[in-house]
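> Supplied in structure tokens, the structure appears directly below.
The values are calculated or read from the model by the stated rules, or taken from the named source; none is laboratory data. It should be emphasised that the depicted structure is a prediction, and the values quoted were computed from it without experimental measurement. Positions of Cβ are backbone-derived with ideal geometry, glycine not excepted, and every protein chain shown enters the neighbour counts.
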Amino acid sequence: MGSQAQSNKVRAEIKFPLILIHTPYGLNFFDKVAGSKIAKIYARFNTYLMPLITALAVFLIVGSLMVLFSNGAAREGVRDIGPQSNLLIPGLNPYLPWTYGWIALVLTIVIHEAGHGIVARVYGVKVESTGLVLILGIPIGAFVNIEREELARTKLKEKSAILTAGPMNNMIVAGLSLGLLYMVVLSLTPLPQPEDAQYGVEIMTVGDASLANSIGMKKGDVIVDIGGDRVKHIEDLSSLLQSNLGNRVAITWKDAGGQEVTRIASIPASVQPNTGILGVTITNVSPDPEFVLSRYKSAFGSNPIAILLPPTMAEGSVPYSDLMASKYSSTLGPAFPIIANFLFWLWFINFNVGIFNALPIGPLDGGQLYNSLIERKVGAGSTRFRNASLILTLVMVLIVVVSFVLPWVLR
């Protein structure tokens, strides 16, 4: 690994509305870490992993598109929470807490950029500068400027390792955070609950052409009874509706004023797979803490992607949410909700930043790598290279845009 000249000065660069603070400390750190044996092993480990992260990203995007195409209630739910919920920006995203979200976002970007810088130095590629990014004086991330010409001349395997290191760092931190979150969840013990605890499931959204809409259900109503059987959990509602397929059944709910309303509904004889019967999205009102804890624990082993559902969006299903945290004790003491929420957002943001940057879109890490692969196959500067690169980027951008706008286009 070759040495690189470094400035000992800290300087500020204004690119309104951003302020870039250039420091020598990151460069020194990269050189020190890059000289270690573990950094060299990690660099080799990264070389062929970008396609795996890209495949996961595409799988999740296509999966969400399939759900949105087939499920009107899901589209209604997305419209209800608004397009800003797709942004990882505290303050704009209504479900991303300002404190946890801001800290986790800054750490995520620092971790991402450090991956690029360290592996670049493992292979002797110059890092021109590094530092912090501020907006209105508030740190929002970090940057690492790798010398472009040196990176372009680097062997494809080495370039792949450098570009993959950012997303891979994010995926590793996401995995570690998720593992630690599971340890926090294991430390929880449900507290005894009063006999008269509220029960039922609250309606979050109602599809326009749904069965629920036809009998007068509205957002905020709480379903409490199906055919004379209590609805205590989301699972109760599903099983009771399934057991009454093809029948006329009495459905009772409480409206916004607390008044009970009962209507007779004709349940269809059959439904398509992964399609709701009532056409609503729901959340538990005040569920049994033991049930919520058990189900949340099982999700770690059966479907970790389900843990991407934020505690601010599904409070009745997450044991450390504001709604549920008071119903548990922990060996970690009363600070367990703070620890759990921080670990969740560190997992959530690192995971999303990692898979997004692996997409084959021009300026992203994945786009740069796949463009280099295309260039190697067809030759730099050729019309075929430019066309193939542009088509790949446009197709992926189109898929991402469709996943964002589909709920508003298809009603």
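> Can you find a residue in segment 141-158 that is of a type in the set (D, E, K, R), surrounded by 19 or more Cβ atoms within 10 Å (Cβ to Cβ) and farther than 17 Å from residue 22 by Cβ? Walk me through it before giving the result.
Taking segment 141-158 first, the residues of a type in the set (D, E, K, R) are 147-150, 153, 155, 157-158.
Imposing the further condition that a residue be surrounded by 19 or more Cβ atoms within 10 Å (Cβ to Cβ) reduces the set to 158.
Now restrict to residues that are farther than 17 Å from residue 22 by Cβ: 158.
For segment 141-158, residues of a type in the set (D, E, K, R), surrounded by 19 or more Cβ atoms within 10 Å (Cβ to Cβ) and farther than 17 Å from residue 22 by Cβ: present.
> Step by step: first the residues of segment 323-377, then only those that are touching a Ser or Thr at 6+ places or on another chain (Cβ under 8 Å) and in a loop (DSSP other than H, G, I, E, B), then the one that is surrounded by the most Cβ atoms within 10 Å (Cβ to Cβ). Which residue is that?
Selected residue: 358.
> Here's a follow-up. In this structure, does residue 301 turn out to be on the phi < 0 side of the Ramachandran plot, part of a loop (DSSP other than H, G, I, E, B) and not hydrophobic (A, V, I, L, M, F, W, C)?
Values: on the phi < 0 side of the Ramachandran plot: yes; part of a loop (DSSP other than H, G, I, E, B): no; not hydrophobic (A, V, I, L, M, F, W, C): yes.
No: the conditions fail for residue 301.
> Identify, from the list 280, 261, the residue that is assigned by TED's automatic domain parsing to the domain that holds residue 209, surrounded by 12 or more Cβ atoms within 10 Å (Cβ to Cβ), out of contact with any helix residue (DSSP H, G or I) (no Cβ under 8 Å at 6 or more places or on another chain) and modelled with pLDDT of 80 or more. Lay out the reasoning, then the answer.
Details: 280 fails: out of contact with any helix residue (DSSP H, G or I) (no Cβ under 8 Å at 6 or more places or on another chain).
That would be 261, the only listed residue that is assigned by TED's automatic domain parsing to the domain that holds residue 209, surrounded by 12 or more Cβ atoms within 10 Å (Cβ to Cβ), out of contact with any helix residue (DSSP H, G or I) (no Cβ under 8 Å at 6 or more places or on another chain) and modelled with pLDDT of 80 or more.
> At least 1 residues that are among the acidic types (Asp, Glu), closer than 18 Å to residue 316 by Cα and in contact (Cβ under 8 Å) with a residue 12 or more places away in the chain in each: list the strands (runs of 3 or more DSSP E) lying fully within segment 185-258 that qualify. Full working, then the answer.
On the way: elements: 188-190, 201-206, 222-226, 248-254.
Those strands (runs of 3 or more DSSP E) span 201-206.
> Restricting the search to segment 1-37, which residues are closer than 18 Å to residue 125 by Cβ, at pLDDT 80 or above and not acidic (Asp, Glu)?
Residues satisfying the conditions are 27, 28, 29, 30, 32, 33, 34, 35, 36.
> Test each condition in (1) in contact with a strand residue (DSSP E or B) (Cβ under 8 Å, 6 or more places away or on another chain); (2) charged (D, E, K, R); (3) under 17 Å from residue 343 (Cβ atoms) for residue 297 and report the one that comes out false.
(1)
> Further question on the same structure: Residue by residue through segment 28-77, note down the ones that are touching a Lys or Arg at 6+ places or on another chain (Cβ under 6 Å), assigned to a helix (DSSP H, G or I) and farther than 30 Å from residue 276 by Cα.
Taking segment 28-77 and keeping what is touching a Lys or Arg at 6+ places or on another chain (Cβ under 6 Å), we get 30-31, 34, 47, 68.
Adding the requirement that they be assigned to a helix (DSSP H, G or I) leaves 30-31, 34, 68.
Within segment 28-77, 30, 31, 34 meet the criteria.
> Report the residue count in segment 85-105 for those that are in contact with a strand residue (DSSP E or B) (Cβ under 6 Å, 6 or more places away or on another chain) and more than 20 Å from residue 364 (Cβ to Cβ).
Initial filter on segment 85-105 (in contact with a strand residue (DSSP E or B) (Cβ under 6 Å, 6 or more places away or on another chain)): 85, 87, 96, 98, 101-102.
Restricting the remaining residues to those that are more than 20 Å from residue 364 (Cβ to Cβ) gives 85, 96, 98, 101-102.
Going through segment 85-105 one residue at a time, the tally reaches 5.
> Return the residue satisfying two criteria in turn: it lies in segment 264-274 and is among the polar types (S, T, N, Q) and assigned to a loop (DSSP other than H, G, I, E, B), and of such residues it is surrounded by the fewest Cβ atoms within 10 Å (Cβ to Cβ). Don't jump to the end; show me each part of the working.
Just the residues of segment 264-274 that are among the polar types (S, T, N, Q), to begin with: 266, 270, 272, 274.
Subsequent filtering for residues that are assigned to a loop (DSSP other than H, G, I, E, B) retains 270, 272, 274.
On the way: 270: 6, 272: 8, 274: 10.
Top of the filtered list is 270.
> Additional query: Of all residues in segment 149-158 being assigned to a helix (DSSP H, G or I) and within 13 Å of residue 375 (Cα to Cα), which is nearest to the chain's Cα centre (by Cα)? Steps first, please.
Initial filter on segment 149-158 (assigned to a helix (DSSP H, G or I)): 149-153, 156-158.
Keeping just the survivors that are within 13 Å of residue 375 (Cα to Cα) gives 152-153, 156.
Working: 152: 32, 153: 35, 156: 30 Å.
Here the residue is 156.
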